[in-house]
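Student: Provided herewith is a single structure, encoded as structure tokens, for subsequent inquiry.
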Amino acid sequence: MSRDIKFIVIHEAACPIRKQSGNQFTIEDVDQWHQERGFQRSDAWRNKWHPELKAVGYHFVIGIDGQLWEGRHQEEVPAAVKGFNTVSVNICLIGQGKYTPEQWAALKFLVTNLADEYPGAEIVGHCNPAFNSGKTCPDFDVPAWVIAGMDPQEGHVYVG
């Protein structure tokens with residue numbers, strides 16, 4: 001059974017680019033944060049797909065070096081956009097407001113492929129007014145980014 005995807009949703013982790021130790025945040029950190037918030041994946045999905053991830057709500061997480069981690073299976077309902085989880089695929093960028101050139105490149109690659117896989121799906125940020133979420137993430141204008149060819153938005157590139 002294939003989910004009817006209407007939205008490709010971009011989120012941000014709302015964390016610094018790096019931990020105080022200098023290491024980067026990973027999908028395992030996101031999984032831990034989601035466990036702490038009470039999210040959980042079904043045993044059936046955990047047995048089939050990435051059993052080490054207990055709670056991650058996103059389908060994909062993009063690390064600061066452009067690493068692309070898979071979280072939930074695309075057929076698995078996420079825990080990401082209340083009221084729209086059954087019709088969305090969700091991507092999370094590590095960081096807040098500014099992302100590395102590698103992250104921008106990975107995001108463009110992933111969104112381009114997902115748009116091909118789900119023609120007609122709207123590419124939006126979690127802050128999309130239709131979601132009525134009160135969220136501001138991902139701190140950049142996703143529709144403008146798409147229209148501009150998915151190039152990094154001025155003022156939103158992390159150079160560290």
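Student: By counting other Cβ atoms within 10 Å of each Cβ, how are ASP141, ASP65 ranked from fewest to most? Don't skip to the answer; put the middle values down first.
Tutor: Working: ASP141 14, ASP65 11.
With the fewest neighbours first, ASP141, ASP65 line up as ASP65, ASP141.
Student: I've got another one for you. Counting only residues 5 or more places away or on other chains, whose amide H sits under 5 Å from the amide H of GLY125 once H atoms are built in the peptide plane?
Tutor: ILE10, VAL142
Student: What list do you get for VAL87, VAL81 if you sort them by fewest beta carbons within 10 Å?
Tutor: Numbers: VAL87 15, VAL81 22.
Fewest-to-most ranking of VAL87, VAL81: VAL87, VAL81.
Student: Based only on other Cβ atoms within 10 Å, what is the fewest-to-most ordering of HIS50, HIS59, HIS73, HIS34? Walk me through the numbers on the way to the answer.
Tutor: Values: HIS50 18, HIS59 24, HIS73 14, HIS34 21.
Ascending Cβ contact count within 10 Å gives the list HIS73, HIS50, HIS34, HIS59.
Student: Simple spin-label model, 7 Å along Cα-to-Cβ: ALA144 to VAL159 in nm?
Tutor: According to this spin-label approximation, the distance is 2.0 nm.
Student: Please compute the length gained on full extension between GLN35 and GLN20, using 0.36 nm multiplied by the number of residues separating them and subtracting their Cα-Cα distance.
Tutor: Working: separation 15, 0.36 × 15 = 5.40 nm, distance 2.15 nm.
Gain on stretching GLN35 to GLN20: 3.2 nm.
Student: Lysine pairs, Cα distance under 30 Å, 8 or more residues apart or cross-chain: how many in the chain?
Tutor: Number of lysine pairs found: 23.
Student: Mind putting a number on the dipole of region 28-131 about its Cα centre? Charges go on the C-beta only, +1 for Lys and Arg and -1 for Asp and Glu, and I need it in Debye to the nearest 20. Can you show the working numbers first?
Tutor: Numbers: 9 positive and 14 negative charges, 58 e Å.
For this selection, approximately 280 debye.
Student: If I compute Cα Rg over 2.2 N^0.38 Å from the structure I just sent, which labelled value in [x] 0.98; [y] 1.06; [z] 1.32 lines up?
Tutor: It is the one labelled [x].
Student: Whole-Hz Karplus ³J(HN,Hα) for region 60-69, in order, using 6.51 cos²θ - 1.76 cosθ + 1.60 and θ = phi - 60°, x for Gly and Pro?
Tutor: 9, 10, 10, x, 5, 8, x, 4, 10, 9
Student: Report for the chain the percent antiparallel among DSSP-assigned beta bridges with both residues inside it, nearest 5.
Tutor: Numbers: 5 of 19 bridges.
Restricted to the chain, the bridges split so that about 25 percent are antiparallel.
We did not get these values from a lab; they are worked out from the coordinates using the rules stated. Remember, predicted model here, so these are calculated numbers, not experimental data. Cβ sites come from the backbone with ideal geometry, for glycine too, and all protein chains shown count toward neighbours.
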